[in-house]
Amino acid sequence: MPVLDIGEVAGRSGVPASTLRYYEEIGLIESLGRSGLRRQFDADVLLKLSLIGLGKAAGFSLVEIAAIFGGNGRADLPRDRFRAKADEIERQIRDLASLRDMLRHIADCPAPTHLECPTFRGLLTSATQGTLAYHPSRKQAAQGLKTAPRR
């Protein structure tokens, strides 16, 4: 297995050397030792860094990612935690899509003023109650009139 120095790992992975040193300090990755002042890593560290990047992109904390690797440094991908994270992301996608649709309604509202628009007033009520949801009926959407948010 080839050995890579910290500069090569940083170049290939896109992870800065300072982050690699931090990951080693907290036990996410392990160096094989040093050649002079430069840390040396097994080439498998690139796969591990990819998994760390995936975990971070999915919203896992570094502590959660470290737990995924366990004490032996081998990835043990807990399917139930990944399924739960996927469900959480799905909810975020729905919430963001609803927010996007509301913002578009506000931008394109045909009412003379936003305060005269029943949908806008409903959106304000929903926002203050923390229940942002926006679902126009097909007929009203086709007419350019949006319904008040559902709860």
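The values are calculated or read from the model by the stated rules, or taken from the named source; none is laboratory data. Quantities reported herein were computed from a predicted structural model and do not represent experimental measurements. Here the Cβ positions follow ideal geometry from the backbone for every residue, glycine too, while neighbour counts run over all protein chains shown.
The residues of region 32-74 that are of a type in the set (S, T, N, Q) and free of Cβ contacts under 8 Å to residues at least 24 places away in the same chain, listed by number, are SER61, ASN72. Counting only helices (runs of 4 or more DSSP H) wholly contained in region 1-111, the ones carrying 1 or more residues that are closer than 30 Å to GLY122 by Cβ occupy 79-108. Residue count for region 21-77, restricted to those that are among the aliphatic types (A, V, I, L, M), over 27 Å from ASP87 (Cα atoms) and in contact with a Phe, Trp or Tyr (Cβ under 7 Å, 6 or more places away or on another chain): 2. Among the residues of region 33-41, is there at least one that is touching a helix residue (DSSP H, G or I) at 6+ places or on another chain (Cβ under 6 Å) and aliphatic (A, V, I, L, M)? No, that holds for no residue. Looking for something more than 22 Å from GLU8 (Cα to Cα) and in the same structural domain as PRO16 (by TED's automatic domain parsing) - is there at least one such residue anywhere in region 38-50? Checking region 38-50: not a single residue is more than 22 Å from GLU8 (Cα to Cα) and in the same structural domain as PRO16 (by TED's automatic domain parsing). Taken together, the criteria place ALA86 among residues that are modelled with pLDDT of 85 or more, out of contact with any Ser or Thr (no Cβ under 9 Å at 6 or more places or on another chain) and hydrophobic (A, V, I, L, M, F, W, C). Total residues in region 89-114 satisfying the condition of being surrounded by 12 or more Cβ atoms within 10 Å (Cβ to Cβ), free of Cβ contacts under 8 Å to residues at least 40 places away in the same chain and not hydrophobic (A, V, I, L, M, F, W, C): the figure is 5.
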